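Participant: First the structure, which I've put down as structure tokens, then a few questions once you've had a look.
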Amino acid sequence: MIRINSVNWIDLKNGKIEMRDMEIPAEADAVIDGAGKYMMPGLVDMHTHISPLSAKHYLASGVTSVRNTGGNYELIQMVDDVAPNTYATYRFIDGDPGLWGPTSYGTVSTNDRGTAVEAVEELHAQGAKFIKVYGNIQADVLEAVVEKGEALGLEVAADLLHTKSIDAMKAAEYGVKWLEHASSIIQHLFPGYHTQLSDEDFAAIAGKPMDEDKLKDLLSYMMENEVKIVPTLTLYRHLAEGRVFNPPELDASRQMKLLGSDEMLSIDAQFRSIDDQISRELRKRQKWEYEQVKRITEKYLEMGGEVYIGTDAPAGTWVYPGLSMVEELNAFRDFGLNNFEILKKATIEAKKVVGEDEGYILLNNNPIERLENILDINTVFVAGKVFTWEEITEHQVDGDGMREVFESLEAKYN
């Protein structure tokens, strides 16, 4: 048991701060002087892609649980103890041709109902908590996936950013319960829109105002069908603006320095490579999508719909594991939420989905005054373990073991 004396507890449920003594279940016994420090539940990133290499970076930014929205079972099993709790799905199900290519260690690309049902059964056997489908999935295959998922107690989450045929209304009708990136809502509001439109056709659609009555009707239908959204606003913004951070101070944070110095992760090189290929026209389109998704999110919150906070890190566009949660938290200030409400959404509300993780963070400064103070980590408590900032930064993963597993997976699927 860890005892923290005289700490400022951030009571997110009741929107207040009070000094108290805390006891945290842990494998070891210790007493920590909490005087002048602040304690709160750990954050939950509700849309991300964890790996053994990125795992510690979540803890370094106060994220104690993640909802992993696609990956590979064998690789995620290699995530070690210096990591957040993981509420995961593994290979996602796409149509053929798959947006990420043919069937591989990370995706099942098929237009065959039977093959898709087998993929659902594989996920269930692996202990996946939900199923994820992708933008080229065909309607009859989606129906089969939802039906099998319901029989096995697994909800279906959909990333339909690139869909040409299944909008949010249809997805809700089929039984999809999560719209990742708040995707396919734009397709319903602007019929004919998809991400592969010509410049001329896009300009014609983007010149039209959003139909607010149609938006309200759609969101009401989604609420009736218990559809949740994770808007990943920071992803859209970085696609539109490039390497611009909110707030700018994140660029000089110790978390950014830690990420930049991680030679095994080499994340900046990956981001630069992708960013160099993003055209001005694509940024223009992403800016338009960003504005639409902000309005959709604002309206769904106003109506009482379920909205969760996630990042899609590392999405290859300056969206970093752990660190970008602070960007996403700041994005929700635009919807009139105060910092208590934002942090409640990113902790208490999210943990109702992924399960209470007994994760907490001890901070040197008050995050209610500035959300960026979350990054002033003193100690992280997760899964009965206690990690100081120094222990997190010094941790190294088994790179050789991970490479062996990765090579075996490539051989298995290729």
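The values are calculated or read from the model by the stated rules, or taken from the named source; none is laboratory data. What you see is a predicted model, and the numbers here were worked out from it, not measured in a lab. Cβ: placed from backbone, ideal geometry, glycine included. Neighbour counts: every protein chain shown. Keep in mind that these areas ignore ligands, DNA and RNA; they rest on the heavy atoms of the full protein, side chains included. Shrake-Rupley method; radii C 1.70, N 1.55, O 1.52, S 1.80 Å.
Participant: Mind checking which residues of segment 311-353 are in contact with a Lys or Arg (Cβ under 9 Å, 6 or more places away or on another chain), open to solvent by 30 Å² or more (accessible area, probe 1.4 Å) and touching a residue at least 60 places away in the same chain (Cβ under 8 Å)?
Facilitator: The answer is PHE340, LYS344, ILE348, VAL353.
Participant: For segment 281-333, which positions are assigned to a strand (DSSP E or B) and closer than 11 Å to ASP45 by Cα? If you could, list the steps in order and put the result at the bottom.
Facilitator: Keep residues of segment 281-333 that are assigned to a strand (DSSP E or B), which gives 307, 313.
If the condition is that a residue be assigned to a strand (DSSP E or B) and closer than 11 Å to ASP45 by Cα, then ALA313 is the only one that fits.
Participant: Which of the strands (runs of 3 or more DSSP E) contained wholly in segment 1-114 include at least 3 residues that are open to solvent by 30 Å² or more (accessible area, probe 1.4 Å)? Don't jump to the end; show me each part of the working.
Facilitator: Working: elements: 2-11, 16-24, 30-33, 38-41, 43-48, 63-69, 85-89, 92-94, 107-109.
Qualifying strands (runs of 3 or more DSSP E): 2-11, 16-24, 30-33, 85-89.
Participant: Please work out if GLU369 is open to solvent by 40 Å² or more (accessible area, probe 1.4 Å), out of contact with any His (no Cβ under 9 Å at 6 or more places or on another chain) and either part of a helix (DSSP H, G or I) or of a type in the set (A, V, I, L, M) (or both).
Facilitator: Numbers: open to solvent by 40 Å² or more (accessible area, probe 1.4 Å): yes; out of contact with any His (no Cβ under 9 Å at 6 or more places or on another chain): yes; either part of a helix (DSSP H, G or I) or of a type in the set (A, V, I, L, M) (or both): no.
Criteria not met by GLU369.
Participant: Any idea how many residues of segment 223-238 are in a helix (DSSP H, G or I) and within 22 Å of LYS299 (Cβ to Cβ)?
Facilitator: We begin by selecting, within segment 223-238, every residue in a helix (DSSP H, G or I); these are 223-224, 233-238.
From what is left, the residues that are within 22 Å of LYS299 (Cβ to Cβ) are 223-224, 233-237.
The qualifying residues number 7.
Participant: Only residues that are open to solvent by less than 40 Å² (accessible area, probe 1.4 Å) and more than 25 Å from the chain's Cα centre (by Cα): list them for segment 383-414, please.
Facilitator: If the condition is that a residue be open to solvent by less than 40 Å² (accessible area, probe 1.4 Å) and more than 25 Å from the chain's Cα centre (by Cα), then GLY401 is the only one that fits.
Participant: Now for a different question. Determine the pairs where a residue that is in contact (Cβ under 8 Å) with a residue 40 or more places away in the chain, located within segment 211-230, has a partner that is assigned to a helix (DSSP H, G or I) and among the polar types (S, T, N, Q) with Cβ atoms under 8 Å apart, the partner being 6 or more residues away or on another chain.
Facilitator: Cβ pairs passing all conditions: ILE229/THR297.
Participant: On to the next question. Given (1) within 16 Å of ASN72 (Cβ to Cβ); (2) within 23 Å of the chain's Cα centre (by Cα), identify the lone condition not met by PRO102.
Facilitator: In the conditions (1) within 16 Å of ASN72 (Cβ to Cβ); (2) within 23 Å of the chain's Cα centre (by Cα), PRO102 misses (2) alone.
Participant: Going through segment 121-134 one residue at a time, which ones are open to solvent by less than 20 Å² (accessible area, probe 1.4 Å) and either part of a loop (DSSP other than H, G, I, E, B) or within 23 Å of ALA182 (Cα to Cα) (or both)? Give the steps one after another, and end with the answer.
Facilitator: First pass over segment 121-134, keeping only residues open to solvent by less than 20 Å² (accessible area, probe 1.4 Å): 123, 128, 130-133.
ALA128, PHE130, ILE131, LYS132, VAL133 - these are the residues of segment 121-134 that are open to solvent by less than 20 Å² (accessible area, probe 1.4 Å) and either part of a loop (DSSP other than H, G, I, E, B) or within 23 Å of ALA182 (Cα to Cα) (or both).
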